[in-house]
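The values are calculated or read from the model by the stated rules, or taken from the named source; none is laboratory data. All of these numbers come straight from a predicted model, not from anything done at the bench. Backbone-built Cβ (ideal geometry, glycine too); neighbour counts: all protein chains shown.
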Amino acid sequence: MQADILVVDDEPEIADLVEVYLQSEGFTVHKCGTGAAALALVGERPLDLAILDVMLPDLDGLTICAEIRKDYHFPILMLTAKGEDLDKITGLTIGADDYLTKPFNPLELVARVKAQLRRYTRYNESERGAGDVIDFNGLVINRSSHECWLYDKPLVLTPIEFDILWLLCENRGQVISAEQLFETVWREKYLDRNNTVMVHIRRLREKMGEPSRNPRFIKTVWGVGYKID
């Protein structure tokens, strides 16, 4: 699997360590120590994934993530300080796809990078079957082109957000538990008190302009899960 990966961290020893492990898997790594340099590089060359440290000397990783999401939907993995739950939730809310807490296991980082790239690559494949478009009630979602429209207006979704919406649409009328959503989309074991799904659902509703109390599309079935009617 070949890919260009942006690594943004102002601690050279961490950036170098990540580079060594990613290069050993055949990835091309572009390192930046500041947010300004990272955003400049994003605009200069195509990238397949970004790893952003939250704490940087100029722009923080959350700001960089928000800026990237204005124009790009490649996966973003955040590196957060231990115990900074607010950073994790904020990162997921503004468009990050995953996060790791420092200190982290480099092998786990590589595994998460590969998982995100596999998911992202699926949406860039050109050949898909005829059942890759769902159209109902003003919502159109196309799995082959990774495009989504709501009332003829495009929705810019991250790969994770797209996966969640597709799963709910594909099973519309049925309740999907948070556990099932997480294990299907993230392909990892669901842990109790994991609020990752909730954060992504909230972000999806915001992008769709859905009221939190009485949403038209993504409905919460309390104590059970989520569904789209």
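Among the candidates Val54, Val42, which residue alone is at pLDDT 90 or above, crowded, with 20+ Cβ neighbours inside 10 Å and in contact with a Ser or Thr (Cβ under 6 Å, 6 or more places away or on another chain)?
Val54
Could you look through segment 14-35, keep only residues that are without any contact (Cβ under 8 Å) to a residue 24 or more places away in the chain and of a type in the set (Gly, Ala, Ser), and pick out the one that is surrounded by the fewest Cβ atoms within 10 Å (Cβ to Cβ)? My answer is Ser24. Selection of segment 203-224 for residues being surrounded by 11 or more Cβ atoms within 10 Å (Cβ to Cβ) and either assigned by TED's automatic domain parsing to the domain that holds Thr90 or in a loop (DSSP other than H, G, I, E, B) (or both) yields Met208, Gly209, Glu210, Pro215, Arg216, Phe217, Val224.
Are any of the residues in segment 77-89 surrounded by fewer than 19 Cβ atoms within 10 Å (Cβ to Cβ), under 20 Å from the mean Cα position of the chain (by Cα), modelled with pLDDT under 90 and among the β-branched types (Val, Ile, Thr)? Yes, that holds for at least one residue.
So, Ala96, is that one closer than 30 Å to Leu17 by Cα, at pLDDT 80 or above and out of contact with any strand residue (DSSP E or B) (no Cβ under 9 Å at 6 or more places or on another chain) or not?
Criteria not met by Ala96.
When we screen Ala38, Ala50, Ala66, Ala3 for residues that are in contact with a helix residue (DSSP H, G or I) (Cβ under 6 Å, 6 or more places away or on another chain), within 27 Å of Lys207 (Cα to Cα) and in contact (Cβ under 8 Å) with a residue 12 or more places away in the chain, the only hit is Ala38.
Within segment 146-202, restricting attention to residues that are among the small types (Gly, Ala, Ser) and surrounded by 14 or more Cβ atoms within 10 Å (Cβ to Cβ), which residue is nearest to Ile68 (Cα to Cα)?
Quick first cut of segment 146-202, residues among the small types (Gly, Ala, Ser) only: 173, 177-178.
If we keep only those that are surrounded by 14 or more Cβ atoms within 10 Å (Cβ to Cβ) as well, we get 177-178.
Working: Ser177: 30, Ala178: 28 Å.
If we take residues in segment 146-202 being among the small types (Gly, Ala, Ser) and surrounded by 14 or more Cβ atoms within 10 Å (Cβ to Cβ), then Ala178 is nearest to Ile68 (Cα to Cα).
Going by what's in this entry, would Gln180 be described as part of a loop (DSSP other than H, G, I, E, B), of a type in the set (S, T, N, Q), modelled with pLDDT of 85 or more and farther than 19 Å from Lys88 by Cα?
Answer is no for this residue.
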